[in-house]
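The structure under discussion appears below in the form of C-alpha cells.
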Amino acid sequence: TFHFVALEIRALLKGICYLAEEIFHLQSRHHGSFWRALSACFSLRWHGPMLLICGSAYVALLDGDGQPLSLHLGLASLCELLILALGL
C-alpha cells in the first residue's frame, strides 16, 4: 500500500512540476485557460480516485509505529522528488 501511495505522490508531484512550467505558456499553448493547462498536467480521471483509495488504505493499514502520518508522507514525497530530480 505504501508503494502505491508513493507512486501516486510521485504522479502528483510530477504534475505540479509540469504545471509550474505550463503556467508560462498559458496564452500560446492553452489559449489563456488555466483549466486546460491543469487537465494537461494532471490525469485526474485516473490519479484522483487512485490517490484517494491508496491514501485511505494506507491510513487504515497504518500499524501504529509511533511516527505521525505526516512524517511518512513527507519522507515519501522527498524520496519521490529526489527520484524525479535524478531522473531515476
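The values are calculated or read from the model by the stated rules, or taken from the named source; none is laboratory data. Not measured: the values here are computed from a predicted model. All Cβ positions, even for glycine, are placed from backbone atoms using ideal geometry, and neighbour counts span all protein chains on display. Heads up: the accessible areas ignore ligands, DNA and RNA and are worked out on the full protein's heavy atoms, side chains in. Shrake-Rupley method; radii C 1.70, N 1.55, O 1.52, S 1.80 Å.
In table form, for the structure just shown:
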{"quantity": "First in segment 68-88 and farther than 16 Å from ALA11 by Cβ and touching a residue at least 40 places away in the same chain (Cβ under 8 Å), second anywhere and open to solvent by 80 Å² or more (accessible area, probe 1.4 Å) and assigned to a helix (DSSP H, G or I), Cβ under 6 Å, 6 or more apart", "calculated": "none"}
{"quantity": "Number of positions in segment 17-56 that are touching a Leu at 6+ places or on another chain (Cβ under 7 Å) and at positive phi", "calculated": "1"}
{"quantity": "Helices (runs of 4 or more DSSP H) enclosed by segment 34-88 - at least 2 residues per element that are surrounded by 11 or more Cβ atoms within 10 Å (Cβ to Cβ) and at pLDDT below 75", "calculated": "44-61, 69-86"}
